[in-house]
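The values are calculated or read from the model by the stated rules, or taken from the named source; none is laboratory data. The shown structure was predicted, so the numbers you read here are calculated from the model rather than taken from an experiment. For neighbour counting, all protein chains shown are included, and Cβ atoms are generated from backbone atoms with ideal geometry for every residue, glycine included.
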Amino acid sequence: MELLLSVNQLVKKYDTKTVLDNVSFEITKGEIVGLLGVNGSGKTTLMKVILGLTSFEAGEIKHKGNSNYLKSFKSRREFGYLLDCKLFEYLSGYDNLYTVGKYANHWQGKTKTEIAEEINGLLDLVDLPNSKKRVKGYSFGMKQRLGLAMALMGTPDFLILDEPFVGLDPVGIEHLLGFISNLRKDLDITILISSHQLNEVEQISDRYLYITNQKVKEVTKNSSKKYVIKLNNPDKLLLNQLQSIADIEHNDVLFEAKNELINKVLKIIYQNQGEITDIQVTNDNLVDLFRGDSK
Amino acid sequence: MRDVINVELFKLWKRKIFIGIFLLSNFSLVYSLGIYFNWSFIDINGKLDLISFSASMWALLMMLGIPLVLFTFLAAGTLGGEIYDGQFMLEITRVKSIKSLVLGKLISIVEVLLSFYILNMALSSLYYIVFVARSKNGLGISWNIESYHSRLLLVSICGVLFLILFISIAMVVSVNFGTFRAVLLSLSVYVFLKFVSSIEGIRKLLPGYYTLIDDNDFSGLILLYQLFIMGLFIGIAICVMINMIKKRNY
């Protein structure tokens with residue numbers, strides 16, 4: 001497999017505070033890698049460092065073996081990204097794409113018709129209408145999709161997505177998950193995707209990088225799953241009964257994803273009139289990691 | 001870099017900045033109509049010819065500080081505004097170089113300024129021909145260029161260069177302070193220069209002497225010095241700006 005990105009002994013500090021400490025990992029072509037960690041763990045910083053938006057104190061990052069990739073316009077064009085960046089709110093979706101393409105010199109040598117075709121193709125791809133409506137009037141989901149269209153302009157070979165599921169409704173999340181999977185399948189794009197929502201990242205990632213205590217841990221995908229049921233103000237009696245068959249963390253009930261167990265747990269919750277706020281099925285390893293960090 | 005300039009102009013166009021520029025360029029229409037209809041609140045002593053009327057209208061605009069506020073605001077918004085609002089990230093990773101991005105932004109604002117200056121002079125000339133030329137304050141229409149015409153035009157061009165200097169200052173300051181504080185700090189620099197220019201011994205050495213002092217001495221040497229000193233400061237501002245952008249974390 002072709003090595004696309006390698007990060008070696010990376011150190012990033014904000015003033016005296018170390019955010020990333022001797023971080024090393026590699027990403028090979030065609031992978032979808034989930035970048036996980038609790039809020040403030042340094043996921044966005046790591047992505048910004050890779051994109052050259054933030055400097056770093058020590059270490060080396062290589063893209064296709066080249067550590068000077070940020071100085072090369074050609075290399076930088078191979079990156080697409082969706083960060084928490086604001087769009088040009090006074091422009092329409094079409095004009096936003098046109099503007100970004102213009103900065104990237106992407107329209108050079110193309111006719112007006114070719115430019116329009118490409119922009120409309122990108123808007124179609126992310127299911128956005130080509131209207132004159134300004135982005136200011138877009139919903140959050142529409143803005144996310146427009147950001148994704150920007151990221152895909154010029155068909156990059158490496159896509160960096162920072163919290164792409166935030167603010168999306170379940171249908172939007174489902175749509176985006178399918179879309180990201182297809183990107184890899186159809187275009188062979190390598191993707192680094194950050195999130196603190198385990199479920200979504202788990203569905204599409206091949207493996208995970210987990211940031212904790214300024215370090216990156218490589219986490220392999222485990223076939224073993226866990227259910228996490230979140231309860232609203234459960235009473236002591238309910239929790240005591242659940243404790244015999246499941247782990248209790250605050251108001252979360254965690255147990256192995258087996259059918260007989262879920263039946264038992266749900267029965268106890270139902271009998272004690274407990275209120276379920278959320279149910280998640282997630283990777284065993286990841287739950288343990290997050291539980292360790294949030295303590 | 002032309003792509004960056006064009007896209008910056010495109011964004012300004014979409015923000016309808018040019019409507020404001022066009023309306024402001026019609027500033028002299030009020031004076032022209034005032035002279036034509038003898039409005040009491042328009043009081044102009046003496047007679048004016050085409051060039052002196054146009055140059056006076058520009059000087060009056062400069063004295064009111066309208067172009068200074070407008071262009072420092074535009075310049076700070078196009079750089080610092082986008083840095084603080086987050087759109088700058090969309091640009092900096094995509095352009096060929098930071099230098100071309102920064103220069104492209106600066107040049108686009110300078111191009112708008114030059115359009116404003118030319119449009120302002122052209123419309124002032126038009127309104128002079130239509131309303132002022134045959135009025136009590138007009139000297140008719142003559143196409144003869146006298147030496148004092150050249151002086152008036154050169155002084156007004158120095159005013160444009162002075163504005164470019166302040167555009168550069170506003171952009172530098174905006175990198176770390178955002179749009180509004182950059183405009184305020186730039187205006188503070190202007191007020192400081194205006195204050196210092198009251199000192200007889202050093203006023204000619206200050207950048208913007210011809211803009212800061214109404215009753216100025218015109219000479220080729222002072223003009224050359226002014227062009228040099230303002231060009232030097234603009235150059236320094238550009239270098240500082242590029243370095244600040246390169247070193248900044250986004």
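Could you please let me know if B:LEU103 is more than 12 Å from chain A (Cβ to nearest Cβ), more than 12 Å from the chain's Cα centre (by Cα) and modelled with pLDDT of 95 or more?
Yes: the conditions hold for B:LEU103.
What number goes with the only condition from (1) touching a helix residue (DSSP H, G or I) at 6+ places or on another chain (Cβ under 7 Å); (2) closer than 22 Å to B:LYS99 by Cβ that A:LYS48 does not pass?
So A:LYS48 meets the others, but not (1).
Can you tell me which of A:SER181, A:SER244 is under 29 Å from A:GLU78 (Cβ atoms) and surrounded by fewer than 19 Cβ atoms within 10 Å (Cβ to Cβ)?
On the way: A:SER244 fails: under 29 Å from A:GLU78 (Cβ atoms).
The match here is A:SER181.
Would you tally the residues in segment A:15-37 being assigned to a strand (DSSP E or B) and modelled with pLDDT under 90?
The qualifying residues number 1.
Among the residues of segment A:61-83, write down those that are at the interface with chain B (Cβ under 9 Å from one of its Cβ atoms) and in contact with a strand residue (DSSP E or B) (Cβ under 6 Å, 6 or more places away or on another chain).
A:PHE79, A:TYR81, A:LEU83
I'd like to check something: does segment A:247-260 contain any residue that is at positive phi and either modelled with pLDDT of 85 or more or out of contact with any strand residue (DSSP E or B) (no Cβ under 6 Å at 6 or more places or on another chain) (or both)?
The answer is yes, given that some residue of segment A:247-260 is at positive phi and either modelled with pLDDT of 85 or more or out of contact with any strand residue (DSSP E or B) (no Cβ under 6 Å at 6 or more places or on another chain) (or both).
Working only within segment A:32-60, note down all residues that are surrounded by fewer than 20 Cβ atoms within 10 Å (Cβ to Cβ), more than 10 Å from every other protein chain (Cβ to nearest Cβ) and not polar (S, T, N, Q).
Hits for segment A:32-60 are A:VAL38, A:GLY40, A:GLU57, A:ALA58, A:GLY59, A:GLU60.
Going residue by residue through segment A:200-219, is there one that turns out to be within 20 Å of A:VAL253 (Cα to Cα), outside the structural domain of A:GLU275 (by TED's automatic domain parsing) and not in a loop (DSSP other than H, G, I, E, B)?
yes
Which members of segment B:79-89 meet the condition of being farther than 13 Å from A:PHE79 by Cβ, at the interface with another protein chain (Cβ under 7 Å from one of its Cβ atoms) and not small (Gly, Ala, Ser)?
B:ASP85, B:GLN87
Out of A:LEU231, A:LEU238, A:LEU242, A:LEU266, I need the residue that is more than 25 Å from A:GLU26 (Cβ to Cβ), modelled with pLDDT of 85 or more and touching a Ser or Thr at 6+ places or on another chain (Cβ under 8 Å). Which one?
A:LEU231
Applying the selection to segment B:136-155, what residues are of a type in the set (D, E, K, R), over 16 Å from B:LEU221 (Cα atoms) and in contact (Cβ under 8 Å) with a residue 40 or more places away in the chain?
B:LYS136
Take segment A:39-95 and flag every residue that is part of a loop (DSSP other than H, G, I, E, B) and of a type in the set (Phe, Trp, Tyr).
A:PHE56, A:PHE88, A:TYR90
Restricting to segment A:96-122, count the residues that are within 12 Å of chain B (Cβ to nearest Cβ) and either in a helix (DSSP H, G or I) or in contact with a Gly (Cβ under 6 Å, 6 or more places away or on another chain) (or both).
Total meeting the criteria: 10.
Name the helices (runs of 4 or more DSSP H) wholly inside segment B:1-97 in which the number of residues that are without any contact (Cβ under 8 Å) to a residue 40 or more places away in the chain and within 18 Å of B:VAL110 (Cβ to Cβ) is 2 or more. Can you show your working first?
Working: elements: B:2-14, B:17-25, B:27-36, B:50-64, B:66-76, B:82-85, B:88-92.
The qualifying helices (runs of 4 or more DSSP H) are B:2-14.
Within the group A:GLY137, A:GLY147, A:GLY141, A:GLY121, which residue is under 22 Å from A:THR44 (Cβ atoms) and at pLDDT 90 or above?
A:GLY147
Would it be correct to say that A:LEU177 is assigned to a strand (DSSP E or B) and within 14 Å of the chain's Cα centre (by Cα)?
Answer is no for this residue.
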